[in-house]
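Here's the structure, in structure tokens; my notes come after.
The numbers here are math on the coordinates, done by the rules we state, and not lab data. Being a predicted model, the structure only gives us computed values, none of them experimental. Here Cβ is always computed from backbone atoms with ideal geometry, including for glycine, and neighbour counts include all displayed protein chains.
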Amino acid sequence: MTLRVTVIGDDLTGTVESAAVFHRYGFGGTIGIGLRPDARPAPGTTIWTVDTDTRQRPALDAAERARSAIRAAPAPLLIGKIDSLLRGRLVAHLAALDPDRYPLVFAPALPVQRRVVIGGAARDLDDGRPIGAAPLAELLAPLPTAVLPELAVPELAERIAQTAQAGRIALCDATDDAALDRIVAASLALPGVRYAGSAGLIAALARRLADTVPEPVEGQGSMVPGTSTGSVRVQRAVLSNSVRVRRAILFVVGTAAPTLAGQLDALTAAVAGTRVWTRPAGRAGWPERTAAEVRQHLAGDAPAVLRLPERQLSGPTDQTADADDAGLVAELAALTEHVLAGIEVPLVLTGGHTARAVLDRLGVDTLRLCAEIHHGAVALGAAGDRTVVTRPGSFGGPDSLVRILDRLSAPTRQDRP
């Protein structure tokens, strides 16, 4: 199999989310994730997603890392993964896609999260508040753009082609998934076309290129049409069945999402022997004995949790807000490295910044997608047969961590990395 698509992301959870979208829509071959801009896909890789880790880097550095990722893994279809809240170095990422030479279609709407683009401005569909500090054309300056309204496919195809001929980026309105599907249908045949957008646009491209009908994925906020989010009865069944599960799994929680407290309560209630280590307040940091205690606990085949309490993090969910937060996450990553030295246990990482810090500390530079446990929670294979699950800090219902543990405790042959 040959490489079909390369996705250039700017943070880990968004990059993994992009890989999961293609997995959900039945793409064959290996779906790989690179953690270095110059990482190259293994033979047999059909979908390659790269985390350039540039959301908080200087713009020039971000542009060069994105260009390096494109050079390392050229594919017939190139996509720049953009945050639907318009965080990060938008101009740098779009410039790296070389809109002077290639037609570029930009569609950052994410309708499943009620984030739409109307008249070239991103906004929340529920309360109408703007997303981003200015209309998209201003955010992308000095890159030349043309705002394209929602149109039928023939008219939209003509407008996109005209925009490309004029050397401008097609900045497309979209208020629902059908509009994103029309954008793809109107542009995919354009020679050399490249795309930039959120997971909504990536899902539209995957639908258009899909090898098979997507399999349903349970989970809160799933983007698969018609997917059930799971009833209370199902959630209770998962919890009650999980009481008998015991497995050495290390959970590393480094985000301030308010839902995490309930998820941890569900995990400790469902699985006997689960123990949580919380970083003490103040500058003293983790006690020296912590790593040894956690290793001993894991040796007893029971889950262990390392976490930073909400009051110590100023960031709302997955993004650190200041240097103090970054220092706490780096400290947590160093502790995780010490715990895992010489042992192989599944690793669950919640929060994009935490996940990236831990994987960097462990020297992981490539991953391969194995399974999607629920929307946002993705099982990945790393070198040395280690299984890693990443999940944005704010994702998942009350039983999210229990569902992850259940899946890791009884993997099928297909799900093994």
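Using R₀ = 30 Å, calculate the FRET efficiency as 1/(1 + (r/R₀)^6) where r is the Cβ-Cβ separation of ALA42 and LEU188; round to 0.05.
For R0 = 30 Å, the calculated efficiency reads 0.65.
Say the dipole of the chain comes from +1 at the beta carbon of Lys and Arg and -1 at that of Asp and Glu; which of THR387, GLY397, VAL358 then lies farthest toward its positive end?
Most positive-ward Cα: THR387.
With the crude spin-label approximation of a point 7 Å out along Cα→Cβ, what separation in nm comes out for ALA272 versus ASP365?
4.6
If you take the charge dipole of the chain about its Cα centre, with +1 on Lys and Arg Cβ and -1 on Asp and Glu Cβ, which of LEU156, GLY300, ILE183 is farthest toward its positive end?
The one lying farthest along the dipole's positive direction is GLY300.
With unit charges on the beta carbons (Lys and Arg positive, Asp and Glu negative) and the dipole taken about the Cα centre of the chain, which residue among GLY342, LEU140, CYS172 sits farthest to the positive side?
Positive-end residue among those listed: GLY342.
Charges only on Cβ, +1 for Lys and Arg, -1 for Asp and Glu: so what's the dipole of the chain about the Cα centre, in debye to the nearest 20?
700
Go ahead and set up a Gaussian network model of the chain, Cα springs under 10 Å, then flag whichever of PRO258, PRO142, PRO130 fluctuates most.
Checking each option, the largest mean-square fluctuation is seen for PRO142.
Could you sort the peptides 171-180, 189-198, 344-353 by per-residue average Cβ neighbour count (10 Å cutoff), highest mean leading?
Result, highest mean Cβ count within 10 Å first: 344-353, 171-180, 189-198.
By counting other Cβ atoms within 10 Å of each Cβ, how are LEU188, LEU104 ranked from fewest to most?
LEU188, LEU104
Quick one: work out Rg over Rh on the C-alpha atoms of the stretch 5-209, Rh as Kirkwood radius.
My calculation puts Rg/Rh at 0.93.
At a Förster distance of 35 Å, what's the computed FRET efficiency of ALA133 paired with ARG283, Cβ-Cβ distance as r, to 0.05?
Plugging the Cβ-Cβ distance into 1/(1 + (r/R0)^6) gives 0.55.
Regarding the chain, what are the three Cα extents along the principal axes, ordered largest first, in Å?
Principal axes ranked by extent give 65, 46, 43 Å for the Cα atoms.
With the crude spin-label approximation of a point 7 Å out along Cα→Cβ, what separation in nm comes out for ALA166 versus ALA261?
5.3
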